[in-house]
Amino acid sequence: MSIVRVLRPGVLVAVLVLATITQVPVGIQAEAPFQSSPTLFSGQATAVKGTVLGIPITLVDTGTVAPEGGSLEAHLLCYPGGPNCTVALPDLTNGALGLEVLNATVVAHGHESKAGASVADLTLNAPGQSLGATFIRARADAQCSNGQASVNADSEIAELVINGQATAVTGEVNQRVDLPAGGVVLINEQTAAANSDKGDVTVSALHITIPGLVPGTDTDLIIAQAHADIQCGQRLCPADKDFVTGGGWLPDPRRNFAVAGGIKNGGFWGHLLYIDHGTGMKVKGTGVTAYAVTGATTRHIEGTCEINGSPGTYQADVDDQGEPGIGRDAFALSLNRVPAAAGVLSGGNIQLHTCK
């Protein structure tokens, strides 16, 4: 299923340079007594939201997960629409904003709420300003242990270029880059709190603000935002709650992907997006037909898809080897049961969500 909301877009350009993961320096924790009421959740992930030249835009937003928990996903192969993008969205920004492999997920159950969002090949142009990156990701996690809430968040940006200059991502929270004429780029923007049995965290991988040339034309845009919060209580773990989510890329040539799979309400759940920058091939999943636990850290997903606009099938295998995912997690994809890609991630993350 694909959820895309466009409120109307605006302007900017992006290109990236350095794979860097940034995290909350120290996880925030707070002690709390045991609670007899059910655990309550919240969480939301959004690939793009804000304004460009004063024009509102929201792309790939999960919405807010229910207080009792649940799983939500949203995805889009590319914006604006182009060859083999499957869904043609209007280009309300007139070419100012471009992205590929937009992905957002939330899974909240058991003792934790996890949200994540990612995009590839961002380009953003505003008057006198340009910005780009090849991959951007944000992840937020709120969880409980013995009635104690804790939160963590991280973001990742690869090959960030601002106004034609490669920009180093330091890894610090709320890194600030000042732009000419009063603009600001905040990298790994975070707010977090844990108080007794409650925890709350929000991370935005990029937050770009650029004053407009005339009133009403400001740009205020967030790329890859994840929010998770939790109120600790009794833990409920139905047997069918098992999910995997993730996104990233494999190298030489670069192949971007986003994947999600699981079992929800007795049925299969998830999506697949894949772009091979060597061949130009674009793949968009149209349904999940199988999901299997193949090991402690591995999952297998199958589904139907469109391959350059033609119907087909996909088979994906993922491996979550822990955090960070770079150089550890793995992704493999077959199309019509013919191997198409396999390897360890050069960027991104695979995340298992097991109810425990």
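Read the figures in this text as sums done on the coordinates, not as results from a lab. These numbers come from a predicted model, not from an experiment. Positions of Cβ are backbone-derived with ideal geometry, glycine not excepted, and every protein chain shown enters the neighbour counts.
Assorted remarks:
- Cysteines in the chain that lack a partner Cβ within the 4.7 Å cut-off: CYS305.
- Anisotropy class of the stretch 276-356 from Cα gyration tensor, a/c 1.5 cut: oblate
- Across the chain, Cα pairs under 8 Å and at least six residues apart give a relative contact order of 18 percent.
- Springs join every pair of Cα atoms under 10 Å in this Gaussian network model of the chain, and among SER42, SER196, SER130 the largest mean-square fluctuation is at SER196.
- Projecting the Cα positions of LEU213, GLY183, VAL203 onto the charge dipole of the stretch 180-258 (unit charges on Cβ atoms of Lys, Arg, Asp and Glu, taken about the Cα centre) puts VAL203 furthest along the positive direction.
- Shape of the stretch 20-231, Cα gyration tensor, a/c cut at 1.5: prolate
- Estimated inter-spin distance, LEU213 and PHE268, nm [label 7 Å along Cα→Cβ]: 5.1
- Partner lysines whose Cα lies under 26 Å from the Cα of LYS114, excluding those fewer than 8 positions away in the same chain, are identified as LYS49, LYS198, LYS241, LYS264, LYS284, LYS356.
- At R0 = 30 Å, FRET efficiency that the Cβ-Cβ distance of VAL293 and ASP252 yields, to 0.05: 0.45
- Computed over the chain with a Gaussian network model linking Cα atoms closer than 10 Å, the most mobile of VAL201, VAL344, VAL60 is VAL344.
- Computed as a quarter of the hull surface, the mean projected area of the alpha carbon convex hull for the chain stands at 16.6 nm².
- Dipole magnitude of the chain, debye to nearest 20 (Cβ charges: Lys/Arg +1, Asp/Glu -1, about Cα centre): 460
- Label-to-label distance for ALA193 and CYS237 is 3.1 nm, based on points extended 7 Å past Cα in the beta-carbon direction.
- Each label was represented as a point 7 Å from its Cα along the Cα-to-Cβ direction; for THR279 and ARG337 these points are 1.8 nm apart.
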